[in-house]
Amino acid sequence: MNLAQQIDQDGYDVRRFSHGLYIGGMWRPSSDGRLIDVVDPSSGAVIAAVPDATLEDAAAAVKAAARAAKGWRETAPRKRSEILRRCFELMVERSETLAMLIALENGKALRDARGEVAYAAEFFRWNAEEAVRITGEFGTAPSGTNRIVVDYEPIGICVLITPWNFPAAMATRKIAPALAAGCTVILKPASETPLTAYALAALYSEAGVPAGVVNVITTTSPGPLTFAMLADPRVRKLSFTGSTGVGRTLLAEAAKHVISCSMELGGNAPFVVFDDADLDAALDGAMIAKMRNAGEACTAANRIYVQSGIHDAFADGLSKRMAALKVGAGTNADTECGPMITRKAVDKIDRLVKDAIERGAKVLCGGSILDREGFFYPPTVLSAVSPEADMAHEEIFGPVAPITMFEAEDQAIAYANDTEYGLAAYIYTRDVGRGMRVASGIEAGMIGLNRGLMSDPAAPFGGVKQSGLGREGGQHHGIAEFMEAKYIAVTF
Ligand code: NAP
């Protein structure tokens, strides 16, 4: 069965999505009929078109979310939980189709796309379990004059904005806790990867999510539409995942209306390998931390610091593994490194690699743009990368592993913290005492200690410094972002 047949079988004909924005449970064209082309990054060919929403459409989405708000807020937690659980089950049932859709529009290798669908679905299972465990507080005021009751209420209508690098997971990581909390939402997915968001919207409806509880709009004017939605007094929450630059703009805009913001922003993760690390485990971890999604991940290892005693063996092992990766279209079953999302992304990687080489880096494998159709950059390993190189300070967002040698623990921590970002960091050492010490010295929201992957719906995901505000997932953390505490002083 080919991709188109598989997608048709599950009712996700990509051509169907040229029909509609998803507002109030209905599929509709944009008010001016304009469309956005969706491109297959492995070929550059247009594969579908989705509506280009206008200000009028954004207002309709807010209206639909407002109309559905009371009913959803008053739906029993158990019922909300069962609907979320059904979303999880349907995602698992359709996982192969969803993975192919992600591989098609995002370009990531099918094995990465399958991993993303499993991760994305877990947010529904986790939040289905959390939805019935939202509790308040009850106590006596210190003065003894009254009781203190604290209730947690849904915050209100939420605008959710997501990037293209995880088209399913970045959406479900917001939608599932928002719905568990009792909120209604408007999702604006990235314009490069809208098909997965719309496929999931159809699935939510099938799972029993009432009309208007989740609305999805795509647009080429994200700024004006978001600003207009934030200006609507019914909107009380902005949850954004994307670049730090856009995050700053949105925070400034949200401040005008004093809207609660959760911000999952850019990263620049250090990957630190000490002499006493298990070499094979460190290489396995580096391949995951660097090459999940071909490096297009906010948690991707962006700077690899290796202690002098293990440096040569690590650099040699990593280059062999990277050079052996099979590059190709994400939809090919044997692909291990898919294309980048756009030509612009490839050009940025190329600029960063050229800058590092000019500053003295040595190319161990890869190192220049592949001469083929589509947006490909080969798996690349550089050694002797200067801490002054641009790639030590900017997200590479591609399959490039820059190695810098260090001698002492303090130097590794100083290198790791030499960035405005603080999302994720990785440490490899057999000395757990040192691992915990270094983990506490590194300024990051998440640490992988002898692990190359830390994303887990059951743990709080998020960053410090310029990597963001708030957390997604975790015990109550994710849901708390979509709730307000209400305190009632009671005398009886
Ligand atoms: P981006 O350019 O910031 O875009 C993210 C989303 O914001 C897209 O939906 C985009 O729409 C929208 N957008 C762009 N300009 C906007 C504006 N003025 N007002 C409102 N919305 C606007 O980021 P990206 O290139 O898609 O994603 C990569 C970035 O996301 C990286 O920095 C990565 O580290 C970060 N990221 C962070 C996390 C995390 O959890 N911390 C997770 C994944 C990714 P259009 O597509 O229409 O431009």
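Readers should treat all values here as calculations from the given coordinates under stated rules, not as data from a laboratory. These numbers were taken from a predicted model, which means no experiment stands behind them. Here Cβ is always computed from backbone atoms with ideal geometry, including for glycine, and neighbour counts include all displayed protein chains.
Brief remarks follow.
- For Leu382, residues with placed amide H under 5 Å, excluding near neighbours: Leu364, Ala401, Ile403
- Where only C-alpha atoms are counted, convex hull volume of segment 363-472 per residue in Å³: 140
- Every helix of 4 or more DSSP H residues in the chain counts as -39500 (n - 2.57), and over all residues that averages to -12500 deg cm²/dmol at 222 nm.
- Cα gyration tensor category, rounded, prolate or oblate, for segment 292-342 with a/c compared to 1.5: oblate
- Using θ = phi - 60° and Karplus 6.51 cos²θ - 1.76 cosθ + 1.60, couplings along segment 258-265 (whole Hz; Gly, Pro as x): 6, 9, 5, 10, 10, 10, 9, 10
- Per-peptide average of other Cβ atoms within 10 Å, ordering 88-101, 321-334 highest first: 88-101, 321-334
- Whether segment 283-413 is rounded, prolate or oblate, judged on the alpha carbon gyration tensor where a/c under 1.5 counts as rounded: prolate
- Modelled label reach - Val92, point 7 Å along Cα→Cβ, segment 112-141 residues with backbone N closer than 16 Å: 115-130
- Between 0 and 90°, nearest 10: helix 279-291 axis offset from the chain longest Cα axis: 50
- Furthest towards positive pole of dipole, Asn165, Gly144, Ala121, structure part segment 110-180, Cβ charges: Asn165
- On Cα atoms only, tilt of 194-207 relative to the major axis of the chain in degrees: 40
- Near the amide H of Leu35, within less than 5 Å, lie the amide hydrogens of Asp52, all on another chain or at least 5 residues away, with H placed in the peptide plane.
- Equivalent ellipsoid dimensions for segment 70-127 as semi-axes, Å, which come from the Cα gyration tensor, largest first: 28, 10, 9
- Residues whose amide H comes within less than 5 Å of that of Tyr152, counting only those at least five positions distant or on another chain, are Lys486 (H built at 1.01 Å from N in the peptide plane).
- Cβ-based net charge around Phe274, under 13 Å, with every Lys or Arg adding one and every Asp or Glu removing one: -4
- Segment 464-487-segment 293-330 distance, computed between alpha-carbon centres (Å): 32
- Positive dipole terminus of segment 232-372, leading residue within Ser239, Val272, Gly367 (C-beta point charges): Ser239
- The C-alpha atoms of the chain define a longest principal axis, and helix 222-231 lies at about 40 degrees to it.
- Prolate/oblate/rounded label for segment 124-165 (Cα gyration tensor, a/c 1.5): prolate
- Leading residue at positive end of dipole, the chain (Cβ point charges), from Gly223, Thr75, Ala181: Thr75
- Residue-wise HN-Hα couplings along segment 402-407, as the Karplus relation 6.51 cos²θ - 1.76 cosθ + 1.60 with θ = phi - 60° gives them from phi, are x, 9, 10, 8, 9, 10 Hz; Gly and Pro carry x.
- Extended-chain gain in nm, criterion 0.36 nm per residue less alpha-carbon gap, Ile488 and Asp355: 42.0 nm
- Here the translational diffusion coefficient of the chain follows from Stokes-Einstein with Rh set to the Kirkwood radius across Cα pairs; for 37 °C and 0.692 mPa s it amounts to 141 µm²/s.
- In order through segment 84-99: 3J(HN,Hα) via Karplus (6.51 cos²θ - 1.76 cosθ + 1.60), integer Hz, x for Gly, Pro: 5, 4, 5, 4, 4, 5, 5, 4, 5, 4, 9, 4, 5, 5, 4, 4
- Placing unit charges on the Cβ atoms only, positive for Lys and Arg and negative for Asp and Glu, gives the chain a dipole magnitude near 1440 debye about its Cα centre.
- Linear extension gain, Arg437 paired with His476, 0.36 nm per residue minus alpha-carbon span: 11.3 nm
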